[in-house]
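The values are calculated or read from the model by the stated rules, or taken from the named source; none is laboratory data. No experiment lies behind these values; they were computed from the predicted model shown. Every residue, glycine as well, gets a Cβ built from its backbone with ideal geometry; the counts of neighbours run over all protein chains shown. When the accessible area is computed, the model is the full protein with side chains, heavy atoms only, and any ligands, DNA or RNA have been set aside. Shrake-Rupley method; radii C 1.70, N 1.55, O 1.52, S 1.80 Å.
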Amino acid sequence: MNPNLAAALNWIGIKKETAPLFFDYLQKAGYLDEGLIQKAIQYLHTEKTFDGFESSSADNIAKLLIDACKQDTETFLATFASQLNPVDILDLILFLQQTAFDRAYGQERNQLTEKPWMGIEANQDNFMRLQQSIGLVEEQLPKRQHYDVIGIMGASYPRAISRIAYFKALMADFDAVFAITGQRYLSKGLDGEETISNMAKKLSLELDCITETQMLMELINTECPAEAEKMHVIDSTPGEWHWRADTTQNAKDFAWTMSQRIRESATRPVDGKYAILLIVEQPYSNRMAKQVQRALNEVAEQYNEAAQDAICFVVEASGKELPSMETLDEAARISRMTQCNSDLAAWIGECYKDARTSIQQHYPKLRAPECLMYNSRDAYFQKSVTFIPPSKDSKAEVLPETVVNDLSQLKPPTNTLNKMKK
């Protein structure tokens with residue numbers, strides 16, 4: 001494999017030995033089709049010209065890549081994007097694969113539709129081998145005997161029940177437990193009509209106004225009465241440009257709450273390292289751990305600067321493995337494929353966000369993430385091609401850098417923090 005391609009793949013968690021499976025998947029799924037490559041090059045070249053191709057048209061660059069896609073796997077891996085630098089290759093691959101996210105605004109995973117390639121058994125087998133090779137299938141057991149905090153991540157009813165059962169069977173002790181959830185109204189497709197009806201009766205609420213937070217609190221009260229009194233709740237509101245609370249907003253709210261707990265606590269780990277365990281089943285474990293870790297890192301940096309301290313957080317995620325495809329009927333296999341394919345895009349997106357910090361040390365000028373991600377790139381491109389740059393005589397306003405030097409300046413979250421009430 002050409003070294004620039006290997007470096008780009010490594011940034012998004014794809015090792016050299018996994019590359020043939022990964023590109024076979026991209027090919028079978030249609031993410032290397034000529035039309036999509038042409039679109040990717042047009043968008044990326046407009047945002048920032050490819051290094052070494054400043055005088056080339058997008059069409060000419062696309063042709064080089066399209067020709068490489070016609071080769072056998074070994075030749076393809078040796079020649080694909082070999083003329084590009086690692087960052088340009090990274091952006092290209094990210095753009096192509098993010099097509100897998102495939103969710104419109106307001107659409108949930110259960111509403112994704114089957115693509116023709118997903119119904120072929122050989123494609124299903126190869127895709128699950130890819131998932132397995134990057135650690136998105138098997139159970140990830142806890143690595144410690146003690147955790148400062150355990151977080152049960154909110155989810156639809158079937159997954160919430162599974163996560164609570166996993167928590168109850170956990171062979172580890174802890175100082176505090178958080179239900180990390182938010183304001184998503186229950187739906188028949190995700191949670192089940194009977195679930196909503198039962199919750200409405202228990203909570204004395206209307207069928208269409210029960211949130212995931214209310215459901216999770218009720219489940220914990222019922223399933224874990226011994227822990228209910230010491231359970232804390234992160235109840236996130238929808239983040240900007242989102243129709244419901246999501247993991248990104250959960251992570252921000254949880255991180256801020258942790259900083260407040262540290263400020264108010266008289267005790268702390270000797271080494272200043274706070275161990276966090278998230279209860280999340282596969283294939284979401286790795287992706288959610290990355291989101292929460294990044295949010296906690298940002299808060300720790302602010303906190304340390306303001307308090308002249310040196311705390312840090314170490315985040316793990318643990319939960320049930322994916323059941324074998326052989327145990328599923330055809331409808332369940334297709335459902336697995338649609339949802340895992342979409343979540344693979346989410347996971348790779350998180351790998352990319354983690355990598356940007358280190359990449360910028362060597363490549364200061366990077367394309368905006370909005371140019372690459374599925375739900376933002378079309379609108380971003382339309383805006384960029386109609387943008388009129390300022391004249392040479394105009395003076396841009398330079399905003400002062402924000403420095404947090406007082407703990408009271410730390411921005412509070414959108415959540416409410418409550419003790420669990422029976």
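Sort the following peptides by mean Cβ neighbour count (other Cβ atoms within 10 Å, averaged over residues), highest first: 352-362, 61-71, 4-14. If you can, show how the numbers build up before the last one.
Values: 352-362: 13.6, 61-71: 16.7, 4-14: 20.3.
Per-residue Cβ counts within 10 Å, averaged per peptide and sorted highest first, yield 4-14, 61-71, 352-362.
Any idea how far apart residue 143 and residue 56 come out in nm if each label point goes 7 Å out from Cα toward Cβ?
Between residue 143 and residue 56, the label points sit 4.1 nm apart.
Evaluate the distance, in nm, between pseudo-label points positioned 7 Å from the Cα of residue 129 and of residue 384 along their respective Cα→Cβ axes.
3.6 nm
Compute the whole-percent fraction of alpha carbon pairs in the stretch 132-178 spaced more than 15 Å apart. Mind showing how you got there, number by number?
Working: 588 of 1081 pairs.
For the stretch 132-178, the fraction of Cα-Cα distances above 15 Å is 54 percent.
Could you derive backbone 3J(HN,Hα) for the stretch 188-194 from the dihedral phi with the Karplus parameters 6.51, -1.76 and 1.60 (θ = phi - 60°), listing whole Hz in sequence and x where the residue is Gly or Pro?
4, x, 8, 9, x, 4, 5
Could you give the length gained by full extension between residue 368 and residue 114, i.e. 0.36 nm per residue of separation minus their alpha carbon distance, to one decimal place? Walk me through the numbers before you get to the answer.
Values: separation 254, 0.36 × 254 = 91.44 nm, distance 3.04 nm.
Net length gain for the segment: 88.4 nm.
Pop a pseudo-label 7 angstrom from the Cα along the beta-carbon direction at both residue 361 and residue 304 and give the gap in nm to one decimal.
In this crude spin-label approximation the distance works out to 1.4 nm.
Taking 60 Å as R0, compute the FRET efficiency from the Cβ-Cβ separation of residue 67 and residue 229 and round it to 0.05.
The computed FRET efficiency comes out at 0.35.
Residue 278's amide H: which non-local residues (gap 5+, or another chain) put their own amide H closer than 5 Å, with H modeled 1.01 Å from N in plane and none for Pro or chain starts?
So residue 278 has HN proximity to 151, 316, 317, 318.
Just to make sure I understand: if all protein chains stay in place, what is the order of 153, 217 by accessible area at 1.4 Å, largest first?
These residues rank, largest area first, as 217, 153.
Report the equivalent ellipsoid semi-axes for the stretch 199-242 in whole Å, largest first, defined as the square roots of five times the eigenvalues of the gyration tensor built from alpha carbon atoms.
With the √(5λ) rule applied to the stretch 199-242, the semi-axes are 21, 17, 6 Å.
Set the Förster distance to 41 Å, then compute FRET efficiency between residue 273 and residue 36 from the Cβ-Cβ distance, nearest 0.05. Present the calculation step by step, with values, prior to reporting the outcome.
Values: r = 44 Å, r/R0 = 1.07.
Result of the calculation: an efficiency of 0.40.
Quick one: the Cα spread of the stretch 1-53 along its three principal axes, in angstroms, biggest first?
Principal-axis extents of the stretch 1-53 (Cα, largest first): 33, 24, 16 Å.
Among 35, 319, 154, which one shows the highest mean-square fluctuation when the chain is modelled as a Gaussian network with alpha-carbon springs under 10 Å?
Maximum among the listed residues: 35.
Once each part is reduced to its C-alpha centroid, what is the distance from the stretch 65-130 to the stretch 238-304 in angstrom?
31 Å
Can you give me the orientation-averaged projected area of the convex hull built on the Cα atoms of the stretch 155-260, in nm²?
Answer in nm², one decimal: 7.3.
Compute the angle between helix 19-29 and the longest alpha-carbon principal axis of the chain, please, reported from 0 to 90 degrees and rounded to the nearest 10.
In the chain, helix 19-29 runs at an angle near 90 degrees to the longest axis.
For the stretch 4-121, what is the per residue volume of the convex hull drawn over the alpha-carbon atoms, in cubic angstrom?
Values: hull volume 14.5 nm³, N = 118.
Spread over its residues, the Cα hull of the stretch 4-121 gives 123 Å³ apiece.
So if I average 1/r over every pair of distinct C-alpha atoms in the stretch 50-172 and take the inverse, what Kirkwood radius in Å does that give?
Numbers: mean 1/r = 0.0517 Å⁻¹.
Kirkwood hydrodynamic radius for the stretch 50-172: 19.3 Å.
If you roll a 1.4 Å probe over the chain with all protein chains in place, what percent of the accessible area is carbon or sulfur? Can you show the working numbers first?
On the way: 10660 of 20920 Å².
C and S fraction of accessible area: 51 percent.
Place a +1 charge on the Cβ of each Lys and Arg in the stretch 232-372 and a -1 charge on the Cβ of each Asp and Glu, then give the dipole magnitude about the Cα centre in debye, rounded to the nearest 20.
Working: 16 positive and 20 negative charges, 63 e Å.
It comes to approximately 300 debye.
Mind listing the Cα extents of the chain along all three principal axes, in Å, largest one first?
66, 60, 42
Please give the FRET efficiency for residue 15 paired with residue 321, using the beta carbon to beta carbon distance and R0 = 25 Å, rounded to the nearest 0.05.
0.75
Per DSSP H run of n ≥ 4, the term is -39500 (n - 2.57); total these for the chain, divide by its residue number, and report the mean residue ellipticity at 222 nm rounded to 500 deg cm²/dmol.
-15000 deg cm²/dmol
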